[in-house]
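Peer 1: Can you keep this structure in mind? I'll have questions shortly.
The values are calculated or read from the model by the stated rules, or taken from the named source; none is laboratory data. For clarity, every value in this text was computed on a predicted model and none was experimentally measured. Here Cβ is always computed from backbone atoms with ideal geometry, including for glycine, and neighbour counts include all displayed protein chains.
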Amino acid sequence: MSIWFITGVSSGFGRALAEVLLKKGNKVAGTVRNAEAKAAFEKLKPGQAFGVLMDVTDEGAVKRGVAEIESNFGPIDVLVNNAGYGLEGAIEEVTLAQVRQQFEVNVFGAIAVIQAVLPFMRKRRAGHIVNVTSMGGLTAFPGVAIYNGSKYALEGVSEALAKEVKHLGIKVTIVEPGSFRTDWAGRSMSHAETPIADYEESAGAFRKSLEQRNGKQKGDPQKAAEAIILAVESPEPPLHLLLGPDAMNFVGAKLGALQAEIMKWAPVSAGTNFPD
């Protein structure tokens with residue numbers, strides 16, 4: 001039995017992962033935003049589900065919450081940074097306040113949780129940190145540029161983190177889901193308030209496709225949860241775990257195009273040193 005700490009367990013991936021873990025006999029601490037959600041989460045499996053009132057953008061609350069888990073529930077074996085949301089709108093359409101809030105939750109919130117958990121994992125020389133990004137953290141789409149930027153940022157943080165903590169016995173896995181049947185594109189999505197007509201062919205088209213696909217995505221959150229658990233329990237867990245055929249296709253195409261472009265411009269790139 002392991003103790004998992006998951007941010008954002010009220011719905012979506014976090015809820016699906018928590019439910020599968022509890023069924024397998026693990027203990028799960030999960031962040032919720034109010035007392036009602038805490039009670040509902042703990043009813044899933046009394047004694048093994050522990051709700052923590054926490055806003056990941058409140059650094060003090062994060063530190064207190066992690067300390068509470070370690071003191072009253074048990075040592076955290078696996079942290080899953082799952083809390084986050086999407087922001088839809090072309091770069092020119094969104095406000096800077098929306099941009100800052102997107103990074104506050106998706107990037108700074110995740111870092112705050114990592115910083116709170118690491119001292120305990122370092123002391124034990126053990127632990128696994130799972131950061132949920134997106135296929136949109138490895139390739140970009142028009143209309144969700146700020147969301148892409150936040151997930152690209154968490155990708156970079158996670159890759160460096162893996163190198164920083166490897167010798168301490170702590171593992172890191174980045175989970176990059178494609179389209180799954182969660183509420184990401186629905187209730188959990190924030191939107192630009194003033195669409196600009198000139199972007200209808202790019203950001204606008206993507207906005208419409210999100211609306212049309214919402215609730216019909218082929219990705220099964222429960223199967224995603226099983227895949228995450230399989231990766232964490234592997235003797236050699238991956239640094240990157242793509243989830244879904246669409247993620248594999250989009251990211252694969254991006255990597256192929258990137259490699260081709262690098263090679264095409266290799267003579268220019270390689271010719272920028274001082275002469276020997």
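Peer 1: Under 8 Å between Cβ atoms, at least 6 apart or on separate chains: pull out the pairs that start in region 118-130 with a residue that is on the phi > 0 side of the Ramachandran plot and outside any helix (DSSP H, G or I) and end on any residue that is modelled with pLDDT of 95 or more and not hydrophobic (A, V, I, L, M, F, W, C).
Peer 2: Hits for this filter: ARG125/GLY169; GLY127/ASP77; GLY127/GLY169; GLY127/LYS171.
Peer 1: Would you kindly identify the strands (runs of 3 or more DSSP E) lying entirely within region 3-79 that contain at least 2 residues that are more than 19 Å from the chain's Cα centre (by Cα)?
Peer 2: Qualifying strands (runs of 3 or more DSSP E): 49-53.
Peer 1: Which residue out of GLU200, GLU261 is under 25 Å from TYR85 (Cβ atoms), of a type outside the set (A, V, I, L, M, F, W, C) and either part of a helix (DSSP H, G or I) or in contact with a His (Cβ under 7 Å, 6 or more places away or on another chain) (or both)?
Peer 2: Details: GLU261 fails: under 25 Å from TYR85 (Cβ atoms).
After applying the criteria, what remains is GLU200.
Peer 1: For region 239-254, which residues satisfy the criterion of being within 25 Å of ALA160 (Cβ to Cβ), touching a residue at least 12 places away in the same chain (Cβ under 8 Å) and more than 19 Å from the chain's Cα centre (by Cα)?
Peer 2: Listed by number, the list holds a single entry, LYS254.
Peer 1: Looking at ILE174, ILE262, ILE196, which is the one that is modelled with pLDDT of 85 or more, among the β-branched types (Val, Ile, Thr) and over 24 Å from ILE146 (Cβ atoms)? Walk me through how you get there before you give the answer.
Peer 2: Working: ILE174 fails: over 24 Å from ILE146 (Cβ atoms); ILE196 fails: over 24 Å from ILE146 (Cβ atoms).
Answer to the selection: ILE262.
Peer 1: Give region 23-44 a look and list any residue that's surrounded by 18 or more Cβ atoms within 10 Å (Cβ to Cβ) and over 20 Å from ALA110 (Cβ atoms), or say none.
Peer 2: Of everything in region 23-44, those that are surrounded by 18 or more Cβ atoms within 10 Å (Cβ to Cβ) and over 20 Å from ALA110 (Cβ atoms) turn out to be ASN26, LYS27, LYS38, PHE41.
Peer 1: Next question, about the same structure. Out of region 110-158, which residues are within 11 Å of the chain's Cα centre (by Cα) and either polar (S, T, N, Q) or over 25 Å from PRO221 (Cβ atoms) (or both)?
Peer 2: ASN131, THR133, SER134, SER150, SER158
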